[in-house]
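Report on the structure given below.
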Amino acid sequence: MRTPPPLDDRDAELDAARSVAVVRLSALDAAVGQLRADRRSDTADDEHDPEGVTLSAEWARLEGLRSGAARDLDEIDAVIARRRDGVDGICADCGRSIPIERLRARPTATRCVDCAARAGA
Ligand SMILES: [Zn+2]
């Protein structure tokens, strides 16, 4: 079967997920920018400044969150593109329909459970 499963509200779901991802990413961008500004205005060197360690840890944390948010947005955009191409809900590897339960649980899934397990994703 090469027909995508019926997903009436999928466009709305993807739009909503995309909006959330965009807001999250821009908030994290702002936080990273703020931290960068804080760090620049901080003339004391990190090594002798107890705040330096905290800033570095915060930096790593924010960068991690930021790259996660960017990845989420990429995944959502990829699904939207697949939808446009008419292949959303079809496993990218084996070509079978991805069960609707899986798409509900994992809206950005592009593989069926078997193929995802095989790909280690
Ligand atoms: Zn598959």
Exercise. Could you tell me which of the residues CYS94, CYS115 is over 19 Å from ASP11 (Cβ atoms), buried (at least 18 other Cβ atoms within 10 Å of the Cβ) and not hydroxyl-bearing (Ser, Thr, Tyr)?
Key: CYS115
Quiz item: What tally of residues in the range 85-97 results from selecting those that are more than 9 Å from the ligand (Cβ to nearest atom) and at positive phi?
Solution: 2
Quiz item: Can you tell me which residues in the range 70-121 are in contact with a Gly (Cβ under 8 Å, 6 or more places away or on another chain) and in a loop (DSSP other than H, G, I, E, B)?
Solution: ILE98
Quiz item: Taking interchain pairs and intrachain pairs at least six residues apart, which have beta carbon atoms under 6 angstrom, with the first residue in the range 86-97 and touching a residue at least 12 places away in the same chain (Cβ under 8 Å) and the second among the basic types (Lys, Arg) and near the ligand (Cβ under 6 Å from one of its atoms)?
Solution: CYS91/ARG111; ALA92/ARG111; ASP93/ARG111
Exercise. Keeping to the range 98-121, report how many residues are in contact (Cβ under 8 Å) with a residue 24 or more places away in the chain and within 14 Å of the ligand (Cβ to nearest atom).
Key: 7
Quiz prompt | Every pair of residues 6+ apart whose Cβ atoms lie under 8 Å, when the first sits in the range 45-68 and is at pLDDT below 85 while the second is in a helix (DSSP H, G or I) and of a type in the set (S, T, N, Q) | solution = ASP46/SER56
Quiz prompt | Hey, ARG82 within 16 Å of the ligand (Cβ to nearest atom) and within 15 Å of the chain's Cα centre (by Cα) or not | solution = no
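The values are calculated or read from the model by the stated rules, or taken from the named source; none is laboratory data. Quick caveat: nothing in here was measured; it's all calculated off a predicted structure. Note that each Cβ is placed from the backbone with ideal geometry, even for glycine, and that neighbours are counted across all protein chains shown.
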